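Quick note: the coordinates plus some simple rules give every number you see, no bench work behind them. In this text, all values refer to a predicted model and were calculated from it rather than measured experimentally. A quick note on method: Cβ atoms are made from the backbone with ideal geometry, for glycine too, and the neighbour counts reach across all protein chains shown.
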Amino acid sequence: MRLGAQGPAVPALGFLGFAPGQPLRTADSVARALGGTLRCRAAARDRRVHDCRAALREPGSEEALALWISAIDSGAAVVSVRGTPSPERIARWRAELVARLGPASPARQHEQSMQQWIRGTRMLRLTWRTRAPDPGVAVSLVDGARLDAWTPPPQPSSRTR
């Protein structure tokens, strides 16, 4: 049996070392490499769900970035990296993502722009504003399969006796 030629590998979605579906232990190592410490808190209603945060600095920059991860069963379901980097840094991030992940047409609504890449059930979205009064950037990484597989615990009965 002869297998056909395989096409080029599709690059995985990721940003600054973070990826959708990434184990929390790996995300903590990445956060530490970026000068942060991942602090997680389990949800009161579902101990499988964790809210994790860290303050980061991209190498070569003094600009602070905020990391937020919503994890299910110790894997990153949603990762968000936010900050107010310079317009030049935002342009560099865009160029790096396009070079690595391929073209994605920017969409614009009012003062906000967005580019998005999808690989199967995973998504990376870059959203930015470069004008005052609210400049900033957010990179969101989503593991759709992990979110779809999560089932919340049953609601406690509200019946009284």
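Shown here: the range 68-161, whose C-alpha atoms stretch 63, 33, 23 Å along the first, second and third principal axes, sorted largest to smallest. Here the chain is treated as a Stokes sphere of Kirkwood radius computed over C-alpha pairs; at 4 °C and 1.567 mPa s its diffusion coefficient rounds to 74 µm²/s. Neighbours of Ala19, meaning other residues whose beta-carbon lies under 9 angstrom from its beta-carbon, give a summed charge of 0 when Lys and Arg score +1 and Asp and Glu score -1. The amide H of Gln22, built 1.01 Å from its N in the peptide plane, has Ala76 as neighbours under 5 Å, considering only residues 5 or more places off or on other chains.
Each of Asp143, Asp51 was scored by other Cβ atoms within 10 Å of its Cβ. Arranged with the fewest first, they read Asp51, Asp143. With the Kirkwood sum run over all distinct C-alpha pairs, the range 9-96 has a hydrodynamic radius of 13.7 Å.
How would you rank 89-96, 23-30, highest first, on the average number of other Cβ atoms within 10 Å across their residues?
Numbers: 89-96: 14.9, 23-30: 16.4.
By packing density, highest mean first, the sequence is 23-30, 89-96.
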